Amino acid sequence: MNNRYIADFPTLKEEVNGHRLVYLDSAATTQKPVSVIEAGVAYYRTSNANPHRGAYALSMKATEIYENTRTAVKNFIGAGSDKEIIFTKNATEAFNLLAYSYGMNFIGEGDEIVISIAEHHSNLVPWQQVAKAKGAVLKYMYLDEEGIVPKEEIEGKITNRTKLVSVTQVSNVLGTINPVREIIQRAHRMGAVAVVDAAQSVPHQRMNVADLDADFVVFSGHKMLAPMGIGVLYGKEELLEKMPPFLYGGDMIEYVSEQDASFAEIPYKFEGGTQNVGGAAGLAAAIRYLDAIGMDEIEQAEKALVGYAIEKLSRIPHITIYGTRDISKKAGILSFNVEDVHPHDVATILDAYGVAIRAGHHCAEPLMRYMAVNATCRASFYFYNTKEDVDQLAEALANTRRWLGYGSE
Ligand code: 7TS
């Protein structure tokens, strides 16, 4: 195996059904390197205490780990200040924070919220709730034949009635890369705030929120080598300052009287309750791991792999690939179907060959309907995948229809 990273990932050495595990579901969650696992264990062994509360050494150690991770995240995404980094449970919680704190307070009757038809439910359902509660209108930007939001949709849908635009940088179904810079610029020209769902981009390519001029950016730690249970909301300081808290309770207050309370400064205003310090320790280790490889190298390796997968799968009869085949416009996610075979059956058959892929609607039901399919198979790659993984996928796929009694042609 010509990949020097595999050795760091214990799960990748597992066997499944008598085959070497080929893990092609990193868009759902990535595997974890030993350094991340050990960072979490080391925290619980040597530094576990409730942060921000204690005046004793152990609590200070926990606080330091937690706050150092905030700085690491700030640097990793090019934010201006630690105050702009808010820890959440995951991307979903970050979107709910935005919907309830920003949406419910700064979006009113007749205002428009614009998203794309390719959004994951976590960047869609919260906005539906805001639209319903406030009498606002939820509008969709549709996709071109390559699966990308085109200029006409950006200009046609984002208007001076738009108050908020929220769009995914990389589709979790198609892997297509949206022109988020242009979308943000258009939103700003129209006086709207712009949110980027970076759950599928921050783990795979260089991100600079200041350069992009995004108002808010959302992502999950578990899709970038870190443990589950820690996610990030980046927000511009001036916007976060004017937003009310989302979760009320301990640790997020300044003073509390019987009938009233004042709230802590950002980012603490948004971090009510005991936080996931073990997860933060893991997230810092994950960032160190990614930085040591380099995000540009990761992006290039994944593009090469998805390009190779497109080439191999195109040669197998009865396979339909969705979205562009131009790797300059896509990241390492490939959606496809095998004619006459339900994606769930494909995934089960592939599992017999040790190949783990995702099948279903990928939490993007409106996109499935737009694509006129019920479900797809999805292979998603990370830097720890290899050409051999793609070969094992292709070999298993070539046999799929035969398992169900179809001829090979
Ligand atoms: N946004 C995008 C683009 C995603 O792909 C996901 C998760 C989320 C938001 C939500 O992240 P969470 O950590 O809060 O769950 N996507 C997927 C997926 O494609 N398969 O499983 C989870």
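The values are calculated or read from the model by the stated rules, or taken from the named source; none is laboratory data. Since this is a predicted model, take the numbers as computed values, not measurements. Counting neighbours? That spans all protein chains shown, and the Cβs are built from the backbone with ideal geometry, glycine included. These accessible areas exclude ligands, DNA and RNA; they are computed on the full protein's heavy atoms, side chains included. Shrake-Rupley method; radii C 1.70, N 1.55, O 1.52, S 1.80 Å.
Overview of results
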read-out: Those residues of segment 218-251 whose amide nitrogen sits under 18 Å from the label point placed on Asn105, 7 Å along Cα→Cβ; value: 233-251
read-out: Per residue value of the accessible surface for the chain (all protein chains in place, 1.4 Å probe), Å²; value: 41
read-out: Over 35 Å [Cα-Cα, the chain], rounded percent; value: 30
read-out: Binned Cα-Cα distances of segment 146-260, short to long, each 10 Å bin given as a whole percent; value: 12, 37, 31, 15, 5, 1
read-out: Tensor-based shape of segment 81-166 (alpha-carbon gyration tensor, a/c under 1.5 rounded, otherwise prolate or oblate); value: oblate
read-out: ³J(HN,Hα) computed for each position of segment 110-117 - Karplus, 6.51 cos²θ - 1.76 cosθ + 1.60, integer Hz, glycine/proline x; value: x, 5, 10, 10, 10, 10, 9, 6
read-out: Cα-based Rg of segment 294-409 normalised by 2.2 N^0.38 Å, two decimals; value: 1.04
read-out: Per-selection metrics, segment 290-329 (Cα): Rg and Dmax in Å; value: 12.7, 41
read-out: Amide proton proximity set for Asp25, modelled H, under 5 Å, gap of 5+; value: Ser380
read-out: Quotient of Cα Rg and 2.2 N^0.38 Å for segment 1-147, N being how many residues it contains; value: 1.45
read-out: Portion, in percent, of the accessible area of the chain that falls on carbon or sulfur, probe 1.4 Å; value: 50
read-out: Net lengthening on full extension, Arg181/Arg369 (0.36 nm per residue, minus Cα-Cα); value: 65.0 nm
read-out: Qualifying GluC sites (Glu not before Pro) in segment 263-323, DSSP loop, other Cβ atoms within 10 Å at most 15; value: Glu265
read-out: For segment 12-104, with +1 on Lys and Arg beta carbons and -1 on Asp and Glu, the positive-most of Gly18, Gly54, Val41 along the dipole; value: Gly54
